[in-house]
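The values are calculated or read from the model by the stated rules, or taken from the named source; none is laboratory data. In this text the structure is predicted, and so the values were computed from the model without any measurement. Because the Cβ atoms are built from the backbone with ideal geometry, glycine has one as well, and the counts that use them run over all protein chains shown. Quick note on the areas: whole protein, heavy atoms, side chains included, nothing else; ligands and nucleic acids left out. Shrake-Rupley method; radii C 1.70, N 1.55, O 1.52, S 1.80 Å.
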Amino acid sequence: MTVTALAEPTERVGRGWATALSLANWAIWAGWYGPLQILLPEQAEDFAPGTGMSKETLLAWVTGVGAAVSLVANPLFGALSDRTTARWGRRRPWIVAGAAGGALSLALLAGAGGLWTMMAGWCLVQLTLNAAFAAVTAAVPDRVPRLQRGSVGGWLGAAQILGAVAGTGLATAVGGIAAGYAACAVFTLAGVLPYVLRHGDLRLGVVDRPAWSARAFFRGFWLSPRRYPDFGWAWLTRFLINLSNALVILYLLYYLRDRLHHDDPEADVLILTAVNSVTLLATVVVGGVWSDRVGLRKPFVRWSGALMAAATALLAAWQTWPSAIVVAALLGVGLGVFMSVDFALMTDVLPKASDRGKDLGVINVANALPQVAAPALAAPIVTHLGGYRVLYLVAALTAAAGAVLVGRIKGVD
């Protein structure tokens, strides 16, 4: 195991390994999305009176600060797992610690009594669950050969969206904010157990761990786009398309309540999430397998981004409940293909095997940074600069830019 820790994998992984890793990913995303879709907006609505802020602004502050924590946590824990020489391997200790810490943080967030305790609790959730997520993500280039990464990425993507459904469903079904957080905490902790208990991990030999240098460690988080241009363009593509998606979903609950005037927007969020999930699941694995078979990545990413841009533009032009259902379905198709194939593309442009966790953590910043940028953009647009129609038009243009810029990647077909 020590000998192969830094080697390029060549042996295909089995279904059991991929299933267990996907289940762990499912559990982590349920821990994120139950709060994001339902519980945090409900707490924001409860805590906003007396703060001098609207519920939209309060939610933007909480999710934005939490996302800023995620920006640091994901690459940091990825780098720490790269250097881990534990008997359990490089990644498993961080999956266990992150999931356990995430469950505890969700329980603490359930008892939040105001803005500051709510913000502190969500920051702890982001810190801990990002430790687990960084390790889960890094396990793929550690163990999966290149021409299987599209299909494995598809299963991880399916698990991600199922995590959003599970988290939203748990938060909605159990009744009450505290019970919703408790259900998400239990699900998060239980979901990682099959992987950490049944599957081994590659150990890094002490002799293979680089000598400690604080300066070198922190300088390693900067990957020059000039030196690694494909990595830079791949990062920017992911950032733009994730930003577009974040702009769409951030105020979804409020859009249904305040713009479409629905009486039960929480249930409608669940319906839209389910529609999106069905179409996403129909394409996420198929897109990854198809990409592996033809040996191409960029066309899949380009056209999935273009479809997401068109769907979001439709939402800007046609603001009704039927249009929301149609857009949810189309976004699922585009996002499904994007999630699996773009993940494989990212692993194809990693600079060094010794830094897989750290470099994937830097790439995952492109997932977290939109959570910071989206509230900063969305709050003034919705409240002062044209409302939801302008918000969704901006989201459409952002996705279109990501679809175009993937063509700048030269080292991947």
Subject >> Residue among Leu369, Leu393, Leu360, Leu405 that is open to solvent by 60 Å² or more (accessible area, probe 1.4 Å) and of a type in the set (A, V, I, L, M, F, W, C) >> reply: Leu393
Original post:
Within the group Arg83, Arg15, which residue is open to solvent by 10 Å² or more (accessible area, probe 1.4 Å), among the basic types (Lys, Arg), touching a residue at least 24 places away in the same chain (Cβ under 8 Å) and out of contact with any Asp or Glu (no Cβ under 7 Å at 6 or more places or on another chain)?
Top reply: Arg83
**OP:** State all residues of region 200-242 that are free of Cβ contacts under 8 Å to residues at least 24 places away in the same chain and either touching a His at 6+ places or on another chain (Cβ under 8 Å) or β-branched (Val, Ile, Thr) (or both); if no residue qualifies, say none.
**Re:** Val207
**OP:** Would you check if Ser304 is in a helix (DSSP H, G or I) and at pLDDT below 90?
**Re:** no
Original post:
So which residues in region 314-326 are over 14 Å from Ala399 (Cα atoms) and not polar (S, T, N, Q), if there are any at all?
Top reply: Ala317, Trp318, Trp321, Pro322, Ala324, Ile325, Val326
Subject >> Test set (1) open to solvent by 10 Å² or more (accessible area, probe 1.4 Å); (2) under 27 Å from Gly336 (Cβ atoms) - Asp142 fails condition number >> reply: (1)
Original post:
Only one of these conditions is not met by Tyr254: (1) modelled with pLDDT under 85; (2) open to solvent by 20 Å² or more (accessible area, probe 1.4 Å); (3) among the aromatic types (Phe, Trp, Tyr); (4) in a helix (DSSP H, G or I). Which number is it?
Top reply: (2)
**OP:** For region 366-373, indicate whether the set of residues that are among the polar types (S, T, N, Q) and at pLDDT below 90 is non-empty.
**Re:** yes
Subject >> Hits in region 122-136 (condition: open to solvent by 10 Å² or more (accessible area, probe 1.4 Å) and either β-branched (Val, Ile, Thr) or closer than 9 Å to Gly102 by Cα (or both)) >> reply: Leu124, Gln126, Leu127, Thr128
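Conditions tested, residue by residue: (1) among the polar types (S, T, N, Q); (2) within 18 Å of Trp17 (Cα to Cα); (3) open to solvent by 50 Å² or more (accessible area, probe 1.4 Å); (4) modelled with pLDDT of 80 or more.
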residue	(1), (2), (3), (4)
Ala173	no, no, yes, yes
Ala178	no, no, yes, yes
Ala183	no, no, no, yes
Phe187	no, no, yes, yes
Pro194	no, yes, no, yes
Leu197	no, yes, yes, yes
Gly200	no, yes, no, yes
Trp212	no, no, yes, no
Arg227	no, no, yes, yes
Subject >> helices (runs of 4 or more DSSP H) contained in region 43-159 and holding at least 3 residues of a type in the set (Gly, Ala, Ser) and modelled with pLDDT under 90 >> reply: 55-82
Original post:
Among Arg203, Arg215, which is in a helix (DSSP H, G or I) and either at positive phi or more than 20 Å from the chain's Cα centre (by Cα) (or both)?
Top reply: Arg215
Subject >> Failed item, numbered, when Val337 is tested on (1) part of a helix (DSSP H, G or I); (2) surrounded by fewer than 20 Cβ atoms within 10 Å (Cβ to Cβ); (3) in contact (Cβ under 8 Å) with a residue 24 or more places away in the chain; (4) not hydroxyl-bearing (Ser, Thr, Tyr) >> reply: (2)
